[in-house]
Amino acid sequence: MNLLHFIGSFHTEVARMLDSVDSAGEANGYLEWINGRVGRYEIYLLWFPKTRRLAYLVKGSGQKKENEIELKNSLEAIAFAERLIQQLKSEKP
């Protein structure tokens, strides 16, 4: 049995981790996006499953952090997003 059958799509799983979701969706298997809020931060995530690239942007408190990374699959992308969100939640205002 494949573990990925129990895990939803990238944007569905990440939506559960955010404090609020502004927009989320997918485009024919080429792109999944989600943007929302974690505490005082705005977070934007773009997952490209065909090229296995995750681009993200975090804005808050006059700071902006953005990056693009390569991951093996959507499970790794979800895990990365979870670590990023947990890091943002643990930062003090």
Here the residues of the range 26-41 lying in the modelled label zone of Ala15, meaning backbone nitrogen under 11 Å from a point 7 Å along Cα-to-Cβ, are 26, 33-35
For the chain, the charge dipole (Cβ of Lys, Arg +1; Cβ of Asp, Glu -1; about the Cα centre) points to a positive end, and the Cα of Ile85, Met17, Leu45 closest to that extreme belongs to Ile85
Using alpha-carbon positions, the gyration tensor of the range 26-69 gives root eigenvalues a ≥ b ≥ c; with a/c under 1.5 called rounded, otherwise prolate if a/b exceeds b/c, else oblate, the class is oblate
Of the candidate values (i) 12.9, 46; (ii) 16.5, 61; (iii) 24.1, 73, the one computed for Rg and Dmax of the Cα atoms in Å from this structure is (i)
Leu57 and Ala79 label points (each 7 Å along its Cα→Cβ direction) are spaced in nm at 2.8
In debye to the nearest 20, the charge dipole size for the chain, taken about the Cα centre with +1 at each Lys and Arg Cβ and -1 at each Asp and Glu Cβ, equals 240
If one compares the long axis through the Cα atoms of helix 74-90 with the longest principal axis of the Cα atoms of the chain, the angle in degrees, nearest 10, works out at 10
With every protein chain kept in place and a 1.4 Å probe, the chain has an accessible area per residue in Å² of 63
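Any chance you could count the Lys pairs in the range 9-90 whose alpha carbons are under 20 Å apart, treating pairs 8 or more apart or on different chains as valid? Provide the component values of the computation, followed by the final result.
Values: Lys50/Lys72; Lys59/Lys89; Lys64/Lys89; Lys65/Lys89.
Counting lysine pairs in the range 9-90 gives 4.
Measure off, as a whole percent, the carbon and sulfur share of the 1.4 Å-probe accessible area of the chain, all protein chains present.
On the way: 2910 of 5890 Å².
Ligands and nucleic acids excluded, carbon and sulfur reach 50 percent.
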The chain, Gaussian network, Cα under 10 Å: of Ser74, Ser61, Ser23, the residue fluctuating most is Ser61
Checking the range 15-61 for chymotrypsin sites (Phe, Trp or Tyr not before Pro) in a loop per DSSP with at most 11 other beta-carbon atoms within 10 Å yields Tyr30
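The values are calculated or read from the model by the stated rules, or taken from the named source; none is laboratory data. Keep in mind the model is a prediction, meaning the values are calculated, not measured. FYI the Cβ positions are ideal-geometry reconstructions off the backbone, even for glycines, and counts take in every protein chain you see. What goes into the accessible areas is simple: the full protein's heavy atoms, side chains included, and nothing from ligands, DNA or RNA. Shrake-Rupley method; radii C 1.70, N 1.55, O 1.52, S 1.80 Å.
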